[in-house]
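J.: What follows is a single structure, and I will ask about it in a moment.
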Amino acid sequence: MNNIGLKSAFKKESYKGISTVRIIGSVATGIVLSITIIGILFKFQSYPGANLELINGLAGMIIVLIVTQIRYIKTRNKFYIHVFKRLLIVGGFGLILILMPNGKLIDIKYRNHPEYAKALKNVTADPFNKDFQDKLQVERQKMKDEK
């Protein structure tokens, strides 16, 4: 975004002509995008805490979007358009995933194995139920045997 490569990131002269506000904004944007992308990956892997990660990322993204809009209105610099596009793409995808019920994502991932999807949803809802766990193992084995 600031056209500073990794090799020159630690050289003082690389930041000549770039305001402190812009540098801080770039770092904040990178952190917010990273948190949101981690939340997206957690959601795809069905890890616990995915929604919390997405909420934190999207909340930070709203703040960065507001600041970006204000800075763009004041300066009309193309830099802020690029930031805005990145935030909208990642934020839109994160928003879709956070609004999507967990069961829907399981249905999409295992659309060719509906019995496995049902068993996985049951285990997700009640992880300590031994019957649900056994059924999931049976369905997983059936799914592996089909390959």
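J.: I'd like the full set of residues that are part of a loop (DSSP other than H, G, I, E, B) and of a type outside the set (D, E, K, R), limited to segment 126-147.
T.: Within segment 126-147, P127, F128, N129 qualify.
J.: Any residue that is modelled with pLDDT of 95 or more, within 30 Å of R140 (Cβ to Cβ), touching a helix residue (DSSP H, G or I) at 6+ places or on another chain (Cβ under 9 Å) and crowded, with 16+ Cβ neighbours inside 10 Å - is there at least one of those in segment 10-32? So that I can check it myself, show each step before the final result.
T.: If we filter segment 10-32 for residues that are modelled with pLDDT of 95 or more, which is where we start, we get 31-32.
Next, from what is left, pick out any that are within 30 Å of R140 (Cβ to Cβ): none.
So far as segment 10-32 goes, no, none of its residues is modelled with pLDDT of 95 or more, within 30 Å of R140 (Cβ to Cβ), touching a helix residue (DSSP H, G or I) at 6+ places or on another chain (Cβ under 9 Å) and crowded, with 16+ Cβ neighbours inside 10 Å.
J.: Hey, another quick one. So which residues in segment 132-147 are surrounded by 12 or more Cβ atoms within 10 Å (Cβ to Cβ) and within 12 Å of E115 (Cβ to Cβ), if there are any at all?
T.: K135, L136, V138, E139, R140, K142, M143
J.: Also, I was wondering about something else. Does segment 107-125 contain any residue that is among the small types (G, A, S), surrounded by fewer than 12 Cβ atoms within 10 Å (Cβ to Cβ) and part of a helix (DSSP H, G or I)?
T.: yes
J.: Every residue in segment 113-147 that is β-branched (V, I, T), within 25 Å of the chain's Cα centre (by Cα) and modelled with pLDDT of 90 or more, please.
T.: Correct list: V123 only.
J.: Between F93, F42, F132, which is touching a residue at least 40 places away in the same chain (Cβ under 8 Å) and of a type outside the set (D, E, K, R)? Step through it out loud before you land on a result.
T.: Values: F42 fails: touching a residue at least 40 places away in the same chain (Cβ under 8 Å); F132 fails: touching a residue at least 40 places away in the same chain (Cβ under 8 Å).
Within the list F93, F42, F132, the selection yields F93.
The values are calculated or read from the model by the stated rules, or taken from the named source; none is laboratory data. Note that the structure is a prediction, hence the values are computed from the model and not measured. Cβ: placed from backbone, ideal geometry, glycine included. Neighbour counts: every protein chain shown.
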